[in-house]
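Participant: Below: one structure in structure tokens.
The values are calculated or read from the model by the stated rules, or taken from the named source; none is laboratory data. This one's a predicted model, so the numbers in the text were calculated from it and none came from an experiment. Every residue, glycine among them, receives a Cβ derived from its backbone with ideal geometry; neighbour counts consider all protein chains shown. Keep in mind that these areas ignore ligands, DNA and RNA; they rest on the heavy atoms of the full protein, side chains included. Shrake-Rupley method; radii C 1.70, N 1.55, O 1.52, S 1.80 Å.
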Amino acid sequence: MALPSSPPSDPAQTAQADGRVELTDPASIEHSPYYNDELAPVPIARRTWTTYNFAALWIGMAHNIPSYLLASGLIALGMSWVQAFVTITLGNLLVLIPMLLNSHAGTKYGVPFPVFARAFYGVRGANFAGLLRAFIACGWFGIQTWIGGEAIYALAGKLLGSWWRDADRVFGQPWTLWAAFLFFWAIQMVIIWRGMDTLRRFENWAAPFVIVAALALLVWVLIEAGGVGPILEQPSKLGWGIEFWGVFAPSLMGMIAFWSTLSLNMPDFTRFGGSQRQQALGQVLGLPTTMSFFALLSIFITSGTAVIYGEAIWDPIKLTEKFDNPLVVALSLFTVMVATLSVNVAANVVSPSYDFSNAAPRLISFRVGGLITGVLGIAIQPWHLVADPNIYIYVWLGFYGGLLGSIAGVLAAGYWVLGKKELHLPDLYTRGGRYWFTGGWNLNAVAATVIGSVAAVGGAYSEPGKGPFPEDGLIPLLKPLYDYSWAVGLVVALLVYVLLSLPQRRRETARVVD
């Protein structure tokens with residue numbers, strides 16, 4: 001069933017001069033079983049995030065260890081620094097497009113991603129999209145928490161000595177590493193328990209702090225090295241021919257997939273935006289520029305380490321382990337913690353907290369959803385996902401990117417093509433309303449997502465010995481599409497959803513004319 005357009009004048013909701021909409025009577029939906037305080041539309045008076053808040057959010061999220069390691073992962077696959085930089089920059093420019101498209105609804109209507117998805121998947125069916133996004137976020141939360149725990153373990157070892165580094169092993173790792181992991185996990189749970197305003201304040205100071213610390217490290221490395229070093233002169237192992245393009249396409253999709261989770265759930269943040277211009281400008285200034293800058297930063301710093309230490313050290317944790325000054329080590333430890341906390345709480349806890357809450361609004365609050373995310377983030381055993389760049393980029397990023405691309409295609413088609421940016425807020429929380437479809441599910445959206453996902457990842461393949469998929473692909477006929485998984489999922493799902501919805505759309509138009 002296609003999305004009916006909301007009438008221009010609707011007594012149930014009030015439109016401001018700048019286009020933002022709020023409920024005329026917020027109490028009118030409080031009785032709904034699909035309502036809780038966190039999922040309710042944010043009143044205009046509480047939409048106070050500025051351009052700086054959104055830019056700081058992205059700066060804080062982009063400056064983290066996995067972002068730093070993106071360039072190194074591509075270098076490990078044979079790219080030169082130029083090829084790696086271009087791949088990362090292009091990927092972030094492309095993912096910015098669906099991100100801004102979905103962000104618009106959050107700012108206009110003040111609703112989070114799972115409530116926004118109700119308009120197209122159905123009030124109940126939104127859980128199909130929301131929980132898929134949530135489980136992927138749990139995986140990312142676990143990965144970032146493990147990396148943060150490893151950083152604490154490594155740097156604390158420089159301060160505390162061998163008793164910490166060489167502690168007895170439990171499940172194959174020193175018990176002190178597990179302790180650092182759980183300590184870092186607990187800090188994040190405290191932040192999310194205190195709510196979104198705490199997160200906003202944390203991001204506001206964390207973003208500039210991390211930038212200053214990273215630039216200080218760059219200055220030190222360049223002074224010690226006497227220049228950017230030999231890595232910038234190293235040629236690509238792949239050249240610029242067919243071998244490079246065979247690696248470039250799936251790597252580009254991996255770079256897009258890195259933030260494709262946020263491209264869906266940015267309404268979770270933009271619902272607090274003071275205006276469309278502020279949220280859009282803040283994101284444009286924050287995401288592609290920061291990611292490109294951080295990629296260059298990692299390349300230049302690593303280049304200098306090749307001169308200083310005789311080997312290229314791509315891992316910033318291993319680099320800071322080279323320091324002997326306790327004050328510098330302590331500052332490095334604090335910086336790594338802040339950088340990882342900044343991205344992990346914002347990118348990987350906020351969204352699934354809303355998604356799990358949406359599944360049972362009366363039972364699961366935003367805070368309880370955050371705790372569920374934390375538990376699942378441990379259960380997924382993230383230490384296995386980051387062990388191999390082939391698994392990290394081709395399996396983890398490539399596969400889920402295709403799935404999320406399909407959801408993004410449905411949202412873009414429903415909101416921008418069919419719905420003309422019009423939503424009816426009360427019906428997003430109402431049984432039997434215009435978003436109830438068939439028993440709370442819009443089967444057109446589910447079908448479009450499934451078809452888009454099969455097209456995107458049905459051909460998933462792995463090189464021999466480098467992943468879990470067969471060499472010829474799960475579905476050999478679709479193997480060539482897997483290298484473009486995110487783009488394929490988005491385009492196919494968008495087209496299928498529009499085609500499936502048009503007949504119903506025509507019938508509704510005919511009824512209006514009659």
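Participant: Have a look at 348, 186, 368 and report the one farthest towards the positive end of the charge dipole of the chain, computed about the Cα centre with Cβ charges (Lys/Arg +1, Asp/Glu -1).
Facilitator: 368
Participant: In whole percent, how big is the carbon plus sulfur part of the accessible area of segment 405-506, probe 1.4 Å, protein atoms only?
Facilitator: The C+S portion of the solvent-accessible surface of segment 405-506 is 67 percent.
Participant: Once both axes come from the Cα atoms, what is the angle between helix 242-265 and the longest principal axis of the chain, in degrees from 0 to 90, rounded to 10?
Facilitator: 60 degrees
Participant: Another one. On the protein heavy atoms, probe 1.4 angstrom, tell me the percent of accessible surface of segment 1-143 carried by carbon and sulfur.
Facilitator: Of the solvent-accessible surface of segment 1-143, carbon and sulfur hold 68 percent.
Participant: Identify all lysines with a Cα-Cα distance to residue 479 below 30 Å; exclude those on the same chain that are fewer than 8 residues away in sequence.
Facilitator: Result set, ordered by chain and number: 237, 466.
Participant: Give, as a single signed number, the net charge of other residues whose beta carbon lies under 9 Å from the beta carbon of residue 114, with Lys and Arg counted +1 and Asp and Glu -1.
Facilitator: Neighbourhood net charge equals 0.
Participant: Report, to the nearest 10°, how far helix 196-225 tilts away from the longest principal axis of the Cα atoms in the chain, using its own Cα long axis and a range of 0 to 90°.
Facilitator: Taking the Cα atoms of the chain, the angle to 196-225 is about 30 degrees.
Participant: On a 1.4 Å probe surface of the protein chains, which of 50, 89, 438, 107 comes out largest in accessible area, and what is the full order?
Facilitator: 438, 50, 89, 107
Participant: Averaged per residue, what accessible surface does the chain expose to a 1.4 Å probe, in Å²?
Facilitator: 38 Å²
Participant: Note the full-extension length gain between residue 215 and residue 471 as 0.36 nm times their separation in residues minus their Cα-Cα distance, in nm to one decimal.
Facilitator: Extra length available between residue 215 and residue 471 comes to 87.9 nm.
Participant: With the calculation restricted to Cα positions, what are the radius of gyration and Dmax of segment 20-155 in angstrom?
Facilitator: 19.2, 59
Participant: Moving to a separate point now. With a 1.4 Å probe and all protein chains kept in place, how do 483, 268 rank by accessible area, largest first?
Facilitator: 483, 268
Participant: Between helix 398-412 and the chain, what is the angle of the helix's C-alpha long axis to the longest principal axis, kept within 0 to 90° and rounded to the nearest 10?
Facilitator: Rounded to the nearest ten degrees, it is 30.
Participant: I've got another one for you. Taking a 1.4 Å probe, which of 65, 475, 97 shows the most accessible area, and what order do the others take after it?
Facilitator: 97, 475, 65
Participant: So, one more: Going by average Cβ density within 10 Å per residue, which order do the peptides 460-469, 181-190 take, highest to lowest?
Facilitator: In descending order of packing, they fall as 181-190, 460-469.
Participant: Can you compute 3J(HN,Hα) from phi for each residue in segment 488-494, using the Karplus curve 6.51 cos²θ - 1.76 cosθ + 1.60 with θ = phi - 60°, rounded to whole Hz and x for Gly and Pro?
Facilitator: Per residue, the Karplus-derived 3J(HN,Hα) values read 5, x, 5, 5, 5, 5, 4 Hz.
Participant: Which lysines does residue 322 reach when only Cα atoms under 26 Å apart count, and residues fewer than 8 places away in its own chain are ignored?
Facilitator: Answer for residue 322, where 26 Å is the Cα cut-off: 158, listed by chain and number.
Participant: Right, something else. Quick check: at a probe of 1.4 Å, how many percent of the accessible area of segment 273-319 sits on carbon and sulfur atoms?
Facilitator: The computed percentage sits at 65.
Participant: Additional query: Please report Rg (one decimal) and Dmax (integer) in Å for the Cα set of segment 223-362.
Facilitator: Spelled out, the Cα radius of gyration and Dmax of segment 223-362 are 19.8, 61 Å.
Participant: Using Cα positions and a limit of under 23 Å, work out the lysines in reach of residue 420, with same-chain residues fewer than 8 apart set aside.
Facilitator: 108
Participant: Sort 208-220, 414-426 for me by packing, meaning the mean count of neighbouring Cβ atoms within 10 Å per residue, highest on top.
Facilitator: 414-426, 208-220
Participant: Okay, moving on. Quote the accessible area belonging to residue 21 in square angstrom, nearest 10, computed with a 1.4 Å probe and with ligands, DNA and RNA left uncounted.
Facilitator: Solvent-accessible area, nearest 10 Å²: 10 Å².
Participant: How are the C-alpha pair distances of the chain spread across 10 Å bins, as whole percents from the shortest bin up?
Facilitator: Taking every Cα pair in the chain, the percentages come to 4, 19, 29, 26, 15, 6, 2, 0, 0.
Participant: Taking a ≥ b ≥ c as the square roots of the Cα gyration tensor eigenvalues, with a/c under 1.5 meaning rounded and otherwise prolate when a/b beats b/c, else oblate, which class fits segment 314-378?
Facilitator: Prolate, since a/c reaches 1.5 and a/b exceeds b/c.
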